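Each reported figure results from applying straightforward, stated rules to the coordinates on display, with no laboratory input. Predicted model, so just to flag it, every value in this text is computed and none were measured. Note that we place each Cβ from the backbone using ideal geometry, even for glycine, and neighbour counts take in every protein chain shown.
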Ligand code: DP6
């Protein structure tokens, strides 16, 4: 019998133009296209073994047995892989993050990107980057953007077949840094999957979605021409628009903490003084402060002195998801 095991690694990503709300929740077909940067240095490593002797799927996260909700989500994802490969076997999945849990870095993107590569290879499938990105999307929408490398655009598409992500520029195209400013290590009020379902209850979601293609084009242009000022304007606007939708849905989602506000205020003031910095927040209170890599150390030191800041992690653009050989 062939070896039914494989391992892979993937980086998380920070959304510069946000994915918020689905046209189809089950297939994770997004309301709008989005754009992100992979976070180099931070990664999830995952090993998958399909085993005819197993009666149920098992999931170990950072050396501990995972909670039942996490196992159910992974198991449902493995069902998609089993169906594609035509195999019935249950699997053992082990996964490790090299970044702190609770640092406000969305781990589901790296997790499902790594799981897509590992599980598909372990099941004997030989998928293209496009099909790996489509598969990762089924596990977590933003995970489709952690499959290609560098700066990545998720083409929203109109069906399962054409909703996937592509790299628009490799990591070395532009040395930006993400200074991940942690203001809370506690659990979030609500996870993204439930959050997406609330988006359409905000009167602002229609306007946000309608303007997304234009903002995405502006952000893409800014990245391709390495225009930091243009990128700063559009990513802050896009983050504010997503949080406006979150704040005005029913129920409302308020992710900002006092420390988040202090960081956003400081970033605006510093940019006013000529420092190239810009903020963006995903579905949580921690603030991602983008700047040219050459400025990262001084920006990190400034951020660390602000009230409410617990720690600052710095990530440079990361590459594509990759298999790890040998898988052990
Ligand atoms: C705010 O991809 O985590 O980070 O598909 O339900 O797993 P699921 O949601 P997820 O949503 C990410 C939302 C966001 C913005 C973004 O990453 O584009």
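Computed on the range 4-172, with alpha-carbon pairs under 8 angstrom and 6+ residues apart, the relative contact order is 29 percent. Just report the Cα centroid separation between the range 51-129 and the range 174-201, whole Å. Result: 22 Å between the Cα centres. Relative to the current alpha-carbon distance between residue 311 and residue 207, full extension at 0.36 nm per residue lengthens the span by 33.9 nm. The peptide list 72-78, 137-143, 294-300, 125-131, put in order of mean Cβ contacts within 10 Å with the highest first, becomes 137-143, 72-78, 294-300, 125-131.
Averaging over all projection directions, the Cα-based convex hull of the range 1-142 occupies 8.7 nm² in the image plane. The shape of the range 228-277 comes out oblate: with a ≥ b ≥ c from the C-alpha gyration tensor, a/c is at least 1.5 while a/b does not beat b/c. Using only Cα coordinates, the Kirkwood hydrodynamic radius of the range 63-144 works out to 13.2 Å.
For the chain, the relative contact order works out to 26 percent when only alpha carbon pairs closer than 8 Å and six or more residues apart are counted. Using a/c under 1.5 as the rounded threshold, could you call the range 175-315 rounded, prolate or oblate? The axes a ≥ b ≥ c are square roots of the C-alpha gyration tensor eigenvalues, and prolate needs a/b larger than b/c, oblate otherwise. Oblate is the answer for the range 175-315, as a/c is 1.5 or above yet b/c matches or exceeds a/b. Could you give the angle, 0 to 90 degrees to the nearest 10, between helix 129-139's Cα long axis and the longest principal axis of the Cα atoms of the chain? Around 90 degrees separate the two axes. With R₀ set to 35 Å, the beta-carbon distance separating residue 225 from residue 301 gives a calculated FRET efficiency near 0.75. Estimated from the Cβ-Cβ distance and a Förster radius of 25 angstrom, the FRET efficiency linking residue 54 and residue 166 is about 0.10. When both the range 234-308 and the range 1-43 are represented by their alpha-carbon centers, they are found 22 Å apart.
When a/c reaches 1.5 or more, the comparison of a/b and b/c decides; with that in mind, is the chain rounded, prolate or oblate per its Cα gyration tensor? Judged from the Cα gyration tensor, the chain comes out prolate (a/c at least 1.5, a/b above b/c). Spin-label pair residue 244-residue 79: with each label point 7 Å from Cα along the Cα-Cβ axis, the two points sit 3.9 nm from one another.
Taking every alpha-carbon pair under 8 Å whose residues sit at least 6 apart, the range 178-328 reaches a relative contact order of 38 percent. Sorting the segments 10-20, 24-34, 178-188 by their mean number of nearby beta carbons within 10 angstrom, highest to lowest, gives 10-20, 178-188, 24-34. The helix-only estimate of mean residue ellipticity at 222 nm for the chain, built from DSSP H runs of length n ≥ 4 each weighted as -39500 (n - 2.57), is -11500 deg cm²/dmol after division by the residue total.
In this calculation the C-beta distance from residue 265 to residue 63 is compared with R0 = 41 Å, giving a FRET efficiency of 0.55.
Scaled to the globular estimate 2.2 N^0.38 Å, the Cα spread of the range 240-307, given as radius of gyration, is 1.20.
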